[in-house]
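Notes for the one structure printed next.
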């Protein structure tokens with residue numbers, strides 16, 4: 001999912017950079033309060049671990065292989081905010097040292113893999129775990145594992161959706177000079193990563209279970225608040241709220257892209273069509289475009305809507321069942 | 001003022017296990033002291049505690065006159081050169097000379113280049129200055145780590161199992177290097193043979209101080225060694241055996257040089273005994 | 001449409017630093033190299049006119065050729081980045097014509113190549129150090145340096161564990177449905193993490209024991225010289241020219 005330079009439309013890439021810098025600045029600010037000098041090597045070691053884990057090939061059948069993204073893994077281990085920093089470090093190293101991912105595209109890659117993946121992975125996991133896992137279950141049981149797995153899958157799928165959206169928007173906005181057409185990018189990215197996501201889920205569950213059983217104290221776990229403040233602050237402190245916010249931020253990052261697309265989409269396509277001297281209504285050449293436009297829009301809106309609704313429902317379920325004070 | 005002054009020191013791990021109990025040790029300027037004991041005795045913990053990495057503790061610890069507490073960690077560390085057991089933990093920079101310079105640069109010292117050169121020379125690795133530490137052998141990496149610590153010109157060196165993991169040649173070379181360094185040293189080790197060659201004094205530690213004394217006394221103190229699960233140095237074992245066989249061993253040697261000298265002396269005495277007969281009576285065998 | 005991910009980082013990280021030794025690029029200040037190459041990459045990403053894109057690619061190739069970095073190394077690294085480039089170029093080719101497809105391929109390749117030459121011609125530590133002097137926050141650059149150090153150590157460990165695994169008869173799963181395969185894979189990954197917490201704490205102590213205070217400072221602070229000026233000027237001018245021409249064409 002690492003986007004090289006020159007693939008995305010410059011305005012999309014710039015949007016990505018702006019989103020990334022804003023979120024990164026907020027993350028840095030939040031991290032400053034909570035981490036000490038001693039945590040720096042720990043974050044580095046974690047980032048190195050995920051980096052090395054990304055080198056693992058897992059087979060997806062048919063002779064092809066996939067790779068771990070690791071955003072959900074990191075976020076479940078040390079929380080989403082530190083995960084943002086750790087994943088960013090990995091992406092910078094990959095971009096600068098290996099040409100894996102571009103530098104102008106770093107903003108977008110970071111939004112996808114260093115922000116959306118950890119936030120949504122952690123958010124889904126946090127929301128699902130108390131529902132799926134038996135209360136007071138000391139072992140990391142199948143319910144908790146399922147929560148991890150779904151979170152990990154969602155992290156990959158959502159990151160890929162964002163990437164597909166960025167590619168499609170780049171294509172539309174630039175009239176075909178940049179990006180990949182929606183009819184290709186959406187099914188390809190979503191289809192491939194729906195499968196890859198399963199591998200990610202399996203490995204993430206495996207690693208988390210292993211760590212939980214072998215040495216649960218290995219990495220900082222989210223400290224549970226001893227006293228629950230009341231009122232609005234209480235709401236903000238609740239894990240449910242934090243998790244929901246995390247996922248919503250992930251979606252919010254996709255919004256500017258969608259707006260760009262719907263604002264410019266028509267013009268971009270029309271330009272391409274006029275350039276190629278294509279008449280509207282000429283079946284062979286125009287049908288992909290018009291089909292693509294409505295297909296993409298519907299799909300995108302549909303995914304967003306469905307997931308947002310599902311998450312809202314989950315959050316509601318959590319609240320109705322009573323707030324948990326510990327994980 | 002003693003360079004290291006530890007008084008009534010007690011420390012327990014987070015899970016409650018007692019690591020050190022009522023330890024009192026002092027080290028004079030220029031002294032070389034070995035802290036010996038079995039695995040898990042707390043030797044490593046003691047060294048890390050002296051460097052300010054294990055808190056809280058009860059008792060007092062002072063290094064070069066500075067009392068160690070929550071706030072003085074950095075200050076105390078300026079006077080300490082802590083060598084870690086695994087050199088990979090301690091090497092950060094892409095070339096040997098850059099890594100050796102790490103300490104002096106961080107401490108804002110002058111003449112970094114000169115310090116680095118002198119440190120490299122004192123451990124015999126000037127020719128490795130531009131090399132990548134990642135590729136060096138374990139023994140060479142240990143020397144790089146030592147150079148890095150020496151370059152900071154600390155008042156006292158704390159060496160954590162310096163000979164562990166070394167092949168016999170590297171070990172011998174390291175012992176020579178340590179002998180040649182004129183600096184206050186505390187060496188935590190269970191390698192008594194190496195310790196014997198380097199230090200004057202020994203402290204037997206087994207959570208608390210079981211015994212303190214000179215190295216010469218230690219090699220003869222069988223019960224102390226046994227109680228601490230320690231093996232006496234090979235030289236001491238040999239001469240003890242010889243004494244048991246009836247040879248006239250007058251001092252149990254500590255270093256190899258002493259051993260050679262004593263061996264020669266035993267030969268002389270033996271030859272003399274055969275010449276003169278037992279206790280001065282005439283006639284031979 | 002499944003694409004096989006070739007990205008396997010087959011070039012071991014430490015080899016990167018080996019190639020840096022052979023090139024005159026090492027003598028340049030990292031800041032100059034970063035600025036020059038970044039300006040070039042940004043400019044290239046903005047080009048859509050085919051002639052200009054190809055010109056940029058030519059400049060990139062020339063840079064690679066002059067840099068004295070072994071071509072085989074660059075070729076291998078380029079192959080690692082290829083999959084996404086190919087997918088993008090191919091789909092653009094299919095939907096917007098051959099010219100646009102070539103544009104896409106040439107543009108992305110030009111950028112990737114320039115960055116690879118930069119990486120190969122610079123000590124990794126100096127690269128991060130250069131970023132720091134370009135005002136990237138210290139926490140970021142320190143994290144980058146430490147992460148890189150740990151990656152070297154952990155990649156070795158991972159390789160050893162894989163060999164050990166293979167020696168015990170397990171090579172790799174056949175598909176995602178191979179649960180045992182995936183489980184073993186994740187346990188290997190898990191083992192790497194378990195020991196790393198202690199390693200991190202020991203590293204922290206080792207850093208503090210040698211006076212570390214927020215920054216990883218190099219021994220000698222490099223200064224920007226004439227050669228650096230020439231480097232930046234070259235890339236800045238050529239980038240500017242390309243951009244001006246691009247704007248001229250786009251109208």
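Largest GNM mean-square fluctuation across C:81, C:240, C:164, computed for chain C with C-alpha springs under 10 Å, falls on C:164. Using a cutoff of 8 angstrom between alpha carbon atoms and counting only pairs six or more residues apart, the relative contact order for the range B:31-117 works out to 16 percent. For chain C, relative contact order (Cα pairs under 8 Å, six or more residues apart, normalised by length) works out to 34 percent.
Legend: mean number of C-beta atoms from other chains within 10 angstrom of residue C-beta atoms, peptide C:98-109, equals 3. Build a GNM of chain C with springs between Cα atoms under 10 Å: which of C:210, C:160, C:51 gets the top mean-square fluctuation? Maximum among the listed residues: C:210. In nm, to one decimal, how far is the modelled label at residue B:29 from the one at residue C:72, with both set 7 Å along Cα→Cβ? With each label placed 7 Å out from Cα toward Cβ, I get 6.0 nm. With the simple spin-label model, which puts each label point 7 Å out from Cα in the Cβ direction, the residue B:18 to residue B:167 separation comes to 4.4 nm. If you run the Gaussian network model on chain B, springs between alpha carbon atoms under 10 Å, then out of B:43, B:222, B:32 the most flexible one is B:222. By the helix-only formula, in which each DSSP H run with n ≥ 4 contributes -39500 (n - 2.57) and the sum is divided by residues, chain C has a 222 nm mean residue ellipticity of -26000 deg cm²/dmol. For the range B:222-262, evaluate the Debye formula with one uniform point scatterer on each Cα (no solvent term) and list log10 I(q)/I(0) at q = 0.19, 0.24, 0.33 Å⁻¹, rounded to two decimals. Debye intensities relative to I(0), on a log10 scale: -0.56, -0.82, -1.10.
Calculated FRET efficiency, residue A:38 to residue B:231, Cβ-Cβ distance, R0 = 60 Å: about 0.95 to the nearest 0.05.
Helix-only arithmetic for chain B: the sum of -39500 (n - 2.57) across DSSP H runs with n ≥ 4, divided by the residue total, places the mean residue ellipticity at 222 nm at -11500 deg cm²/dmol. Dimensions of the range A:150-190 from C-alpha coordinates, computed as largest minus smallest value along each principal axis and given longest first, are 37, 13, 8 Å. For the residues of A:84-91, the average number of beta carbons from a partner chain within 10 Å of their own beta carbon is 2. Reported value for the range B:18-138: 145 Å³ per residue, from the convex hull of its C-alpha atoms. Size descriptors for the range B:70-223 (Cα atoms only): Rg and Dmax, in that order, 16.2, 51 Å. With contacts taken as Cα pairs under 8 Å at a separation of at least 6 residues, the range A:88-157 carries a relative contact order of 30 percent. Residues in the range C:120-154 near a label at residue A:21, defined as backbone nitrogen under 18 Å from the 7 Å Cα→Cβ point? What the label zone holds, given the 18 Å backbone N cut-off, is C:131-141.
Here, the range C:55-138 has an Rg and a Dmax of 15.3, 46 Å when only alpha carbons are counted. Structural size metrics of chain B, computed from C-alpha coordinates, are Rg and Dmax of 21.6, 76 Å. Computed over the Cα atoms of the range B:187-285, the ratio of the radius of gyration to the Kirkwood radius (Rg/Rh) comes to 1.10. In the distance distribution for the range A:1-50, Cα-Cα pairs more than 14 Å apart total 69 percent. Size check on chain C: the Cα extents along the three principal axes, sorted descending, read 61, 51, 30 Å.
Among the residues of C:210-223, the average count of other protein chain beta-carbon atoms within 10 Å of the residue beta-carbon is 6.
What is the distance in Å between the Cα centres of the range A:6-54 and the range B:130-152? Taking the Cα centre of each part, the range A:6-54 and the range B:130-152 sit 33 Å apart. Between residue C:134 and residue B:223, the modelled label-to-label distance comes to 7.2 nm, taking each label 7 Å out from Cα in the direction of the beta carbon.
When C:166, A:42 are sorted by how many other C-beta atoms sit within 10 angstrom of their C-beta, beginning with the fewest, the order is C:166, A:42.
The length gained by stretching the chain between residue B:245 and residue B:179 to full extension, at 0.36 nm per residue less their Cα-Cα distance, is 20.5 nm.
No value in this document is a laboratory result; all are computed from the given coordinates. Everything numeric in this text was worked out from a predicted model, so none of it was measured. Reconstructed Cβ throughout: ideal geometry from the backbone, glycine too, with neighbour counts over all protein chains shown.
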